[in-house]
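Each remark here refers to the structure printed beneath this line.
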Amino acid sequence: MTFNELGLNELLLKAIETTGYTVPTEVQVKAIPAAISGADLMVSSHTGSGKTAAFTLPSLSRLVERKPAPGAGPRVLVLTPTRELAQQVEKAVKTYGRNLRWLNTACLVGGAPFFAQVKQLSRPVDVVVATPGRLIDHLTRRKIKLSDVETLVLDEADRMLDMGFVEDIETIVAATPASRQTLLFSATLDGVVGNLASKLQRNPQRIEIAPTVENRGNIEQRLMMADNLVHKTRLLESLLGGDGRQQAVVFTATKRSAEEVSLTLQEKGFSAAALHGDMHQTARNRTLDKLRQGRIDVLVATDVAARGIDVAGISHVINFDPPRQVEDYVHRIGRTGRAGRDGIAITMSGPREMGIIRAIERFTGKRMDVHVIEGLEPTQRPAGPRRPGGSKPGYGGRPSTGSGWSRDSRDSRPGAGKGWSSEGRDGNRGGYGRDERGSAPREERPGFGRSEPRSFGDRAERSTYPRDEQRGGWNRDDRGPRREGSRDGARFGSDRPEGARRPRPAARG
């Protein structure tokens, strides 16, 4: 099937030819004719499947049929969770609508000058692409009216709900006509997304495209075990300094981590920059432009960059911190393997994070191959039948029921006590910023044996004295008089030095 068979306007077909696309994707084949007919849609499709064109093309096609009245508000409204995705959608609208000379668009996102957006809205606007929070600001100040909206698009609806935009979405929807067409695109159509759809849509048509990673391109998925933060940072530096890397995106869990990792890489001589939600929109745009121009080799970002980045030169995606949700993993690794190229996605994990690793493998239907770097092998061995690709013989622990590391190998290798444990109590409890507590097995450490009670100096053993005596004199009868106005009626002993702790004044009135 070709785009000519989907019922699109001739002006749009000419614009599609200039982009080089000749065959529509599966989601486009199913969604475009249904959307042109005016039906409400619930669409589930993986990243990179062409869903942006699946709602942009039919929305523009309906605009061509009837020009707006003078002074009318926007007729198409697209809501997205992030600024980058909003800008990407507006760019697609301009690309496909290049032959519509009268078409005006506006992108309303946070972090950008508010009054510059007000100036955009002062002229007739046909398509508005916005994030919910900034659109609410314009609605509150009466800078935009939504009474003329004919098509409402919720892109990445599940992500917007995860970010807490449900109330903003309901407020925005209430400002649009009840006769509008609503197109909802989401990674999942169940749960809270399904509840939202039941409130916003009328007999929607459901379209689901299987979320398989293989459909997007040849992306090799790897898993690397890390003992602690220092070990993980050394692994990252080795990966970025290896052969075959072009540009890379490194994902972290927090904004602070993105800044710290970026600064660390800069100190090591890498051309790196951070991208996260606390940055001003101008700075974020400047960083993305440098990435597209090749002036930045490594982008260290939070999940805000998992949607909206389309740079063909990205050869590696490295999850410095595993994503908190499996859907985010698919969006993250979708930043590589673009435009038919091959890509490599590497996820670093400790034993506490093996649960999300297994959930990711179930979601994608593909098992990650364990890889190691010579000289940077983890001190602990992964449990179960995992084997690192191309590694030394004998690597890999015996099957066990731990949280990703072999219980049997904990104390059998040198330095085992310093690494991670399945119980999370040995060594440095993960090693992330904590000092190491020794390498001896638990049975040989003072205080860990059950045969001898722990010593507390002159205090008596807990098993031989009543509770009040055990506490070293804190019996209710000998704690001293209650001081008036002390917090929660606390008592202060007479032997406390004066002025050591100042009691709070008594409550007034």
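Things worth noting here:
- From most to least packed by mean Cβ count within 10 Å, the peptides 297-304, 364-371, 130-137, 93-100 give 297-304, 130-137, 93-100, 364-371.
- Between Lys366 and Leu139, the simple spin-label model (points 7 angstrom out along Cα→Cβ) gives 3.9 nm.
- Annotation: the residues Leu239, Leu12, sorted from fewest to most other C-beta atoms within 10 Å of their own C-beta, follow the order Leu239, Leu12.
- FRET efficiency, Asn4 to Ala178 (Cβ-Cβ, R0 35 Å, nearest 0.05): 0.55
- Every Cα-Cα pair in region 227-320 was counted, and those over 19 Å apart are 33% of them.
- Amide H contacts under 5 Å for Thr176, placed H, 5+ residues apart: none
- Cross-link pairs exceeding 26 Å between alpha carbons, from the set Lys91/Lys143; Lys51/Lys366; Lys14/Lys51; Lys91/Lys366: Lys91/Lys366.
- GluC sites (Glu not before Pro) restricted to region 346-377 and DSSP loop, no more than 13 other C-beta within 10 Å: Glu374
- Theoretical gain in end-to-end length, Ser238 to Glu167 [0.36 nm per residue, Cα-Cα removed]: 21.1 nm
- Modelled spin-label separation between Ser198 and Lys290, with each label point placed 7 Å from Cα along the Cα-to-Cβ direction: 4.9 nm.
- Amide H contacts of Ile296 (H built 1.01 Å from N, in plane; Pro and chain starts excluded): Leu291 sit under 5 Å, all sequence-distant by 5 or more or on other chains.
- Sparsely packed loop sites in region 154-247 (the trypsin sites (Lys or Arg not before Pro) outside DSSP H, G, I, E and B with at most 12 other Cβ atoms within 10 Å) comprise Arg202.
- Order of Asp190, Asp40 - criterion: other Cβ atoms within 10 Å of each residue's Cβ, fewest first: Asp190, Asp40
- With 0.36 nm allotted per residue and the present C-alpha distance subtracted, the Lys91-Asp190 stretch has 32.7 nm of extension available.
- Amide hydrogen neighbours beyond the local backbone of Gly350, cut-off 5 Å, H modeled: Ala226
- In plain terms, the chain from Thr254 to Glu374 could stretch by 40.3 nm, reckoned as 0.36 nm per residue minus the Cα-Cα distance.
- Going from the fewest other Cβ atoms within 10 Å to the most, the residues Leu108, Leu223 appear in the order Leu223, Leu108.
- Evaluated at q = 0.08, 0.13, 0.18, 0.19 Å⁻¹: base-10 log I(q)/I(0), Debye formula over Cα of region 3-211: -0.24, -0.67, -1.36, -1.53
- Between region 140-174 and region 218-261, the alpha-carbon center distance in angstrom: 36
- When you restrict to C-alpha pairs under 8 Å that are six or more residues apart and normalise by the size of region 3-211, the relative contact order lands at 29 percent.
- Measuring r between the beta carbons of Glu26 and Glu267 and using R0 = 56 Å, the FRET efficiency lands at 0.75.
- Here's the picture: a label point sits 7 Å out from the Cα of Glu208 along the beta-carbon direction, and within region 6-46 the residues with their amide nitrogen under 17 Å of it are 27, 30-31, 41-46.
Values quoted throughout were computed directly from the atomic coordinates according to the rules given, and no laboratory measurement underlies them. All values derive from a computational prediction rather than experimental measurement. With ideal geometry, Cβ positions are generated from the backbone for all residues, glycine too; neighbour counts draw on all protein chains shown.
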